[in-house]
Structure formats: structure tokens, C-alpha cells
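Report on one structure; see the data block that follows.
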Amino acid sequence: MLKRLQHDYAGKPVRFLLVPCNQFAAQEPGSNAAIKVFAEQSVRLGPGSSVLMLAKSNLNGVACQFRGPGACTPASTECCAQNDPVYEYLLARAPPGTIKWNFDKIVVGTDGVPVSGGSILHGDALDAKLVGVIDRLLPA
């Protein structure tokens with residue numbers, strides 16, 4: 001889905017933020033570098049890309065306890081505590097306030113605030129819901 005969205009919205013003011021997490025059935029046990037290599041099989045990352053990827057994070061109120069010189073580096077397999085405020089901010093403003101699965105989506109406006117009346121998108125017809133919200137936010 002993200003590969004198609006990246007293509008469909010190329011050249012438009014739309015950005016996709018990937019935030020890997022290992023809290024759901026240990027789906028992301030690898031290092032940040034390994035996760036990036038995997039993501040690059042589907043989407044283009046790097047300068048000029050509309051897809052940005054953060055280091056592995058925790059969410060749903062589970063603070064990252066990992067500290068040290070290797071934290072938040074490409075080689076790290078642990079969460080990055082510097083990302084905790086990102087989810088704290090988003091989840092406080094997007095009902096129901098919890099992420100249910102790795103592929104849930106939060107749509108944020110150009111002002112950095114989750115879309116008014118929006119919620120965390122997941123489940124059936126996720127693709128159609130996401131496209132609908134993005135298209136509604138884009139200038140005509």
C-alpha cells in the first residue's frame with residue numbers, strides 16, 4: 001500500500017512517516033539498519049523522498065528504557081527514547097489513543113496536529129479510508 005501511495009502522491013505536499021515497533025508479536029526484532037533495508041524493498045527513502053523513517057520506537061504509553069551510546073543508531077535493535085514524545089503527542093490527540101497493530105495510521109495536517117475528527121485508522125478498508133482523508137486535506 002505505501003509503495004502505491006508514495007507513487008500516487010509524488011509531487012504533492014504529502015509525507016509518510018514510518019515508525020517501526022517491536023511491541024506487536026515481535027515483528028521488528030532487527031536493527032534499525034535492517035528494518036531500513038527491508039523498507040527500501042518497497043519504498044524510496046532518503047533525500048527528496050516523501051517517506052521518512054524514524055528509529056524503532058515504543059508506543060501506547062510504554063516508555064523506552066534503553067539508554068546508552070548505541071541508542072537510536074542504525075545498529076541498535078532497541079527502541080529509541082527520543083521518539084517517545086512523538087507518540088505521546090499523537091496518541092493524546094487521536095482517538096482511541098492506542099495503536100492496535102504495526103500498520104495503524106494517524107493522519108496529521110500541515111499544522112502537525114492529527115486531523116480534526118480523525119482517528120487512528122486500522123482494519124478493513126484501511127487503504128480507502130486513508131486515501132479519502134488525504135484527498136480531502138489536499139488543496140483542490
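The values are calculated or read from the model by the stated rules, or taken from the named source; none is laboratory data. Small disclaimer: the values here were computed from a predicted structure and weren't measured. Here Cβ is always computed from backbone atoms with ideal geometry, including for glycine, and neighbour counts include all displayed protein chains. With ligands, DNA and RNA removed, areas are computed over all heavy atoms of the protein, side chains included. Shrake-Rupley method; radii C 1.70, N 1.55, O 1.52, S 1.80 Å.
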Out of all the residues in segment 121-138, is one or more open to solvent by 60 Å² or more (accessible area, probe 1.4 Å) and at pLDDT 90 or above?
yes
Kindly provide the set of residues from segment 30-48 that are in contact (Cβ under 8 Å) with a residue 12 or more places away in the chain and part of a loop (DSSP other than H, G, I, E, B), ordered by number.
G30, S31, S42, V43, R44
Can you tell me how many residues within segment 66-87 are exposed (fewer than 13 other Cβ atoms within 10 Å of the Cβ) and not in a loop (DSSP other than H, G, I, E, B)?
1
Quick one: which of I134, I99 is hydrophobic (A, V, I, L, M, F, W, C) and closer than 21 Å to Q6 by Cβ?
I134
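Can you confirm whether L90 is part of a helix (DSSP H, G or I), within 26 Å of D8 (Cβ to Cβ) and open to solvent by 20 Å² or more (accessible area, probe 1.4 Å)? Working first, answer last.
Working: part of a helix (DSSP H, G or I): yes; within 26 Å of D8 (Cβ to Cβ): yes; open to solvent by 20 Å² or more (accessible area, probe 1.4 Å): yes.
Spelling it out, L90 is indeed part of a helix (DSSP H, G or I), within 26 Å of D8 (Cβ to Cβ) and open to solvent by 20 Å² or more (accessible area, probe 1.4 Å).
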Please work out if P85 is more than 18 Å from P20 (Cα to Cα) and of a type outside the set (A, V, I, L, M, F, W, C).
no
Starting from residues that are open to solvent by 70 Å² or more (accessible area, probe 1.4 Å) and within 15 Å of A75 (Cβ to Cβ), keep the ones in segment 22-53 and report whichever is nearest to the chain's Cα centre (by Cα).
K36
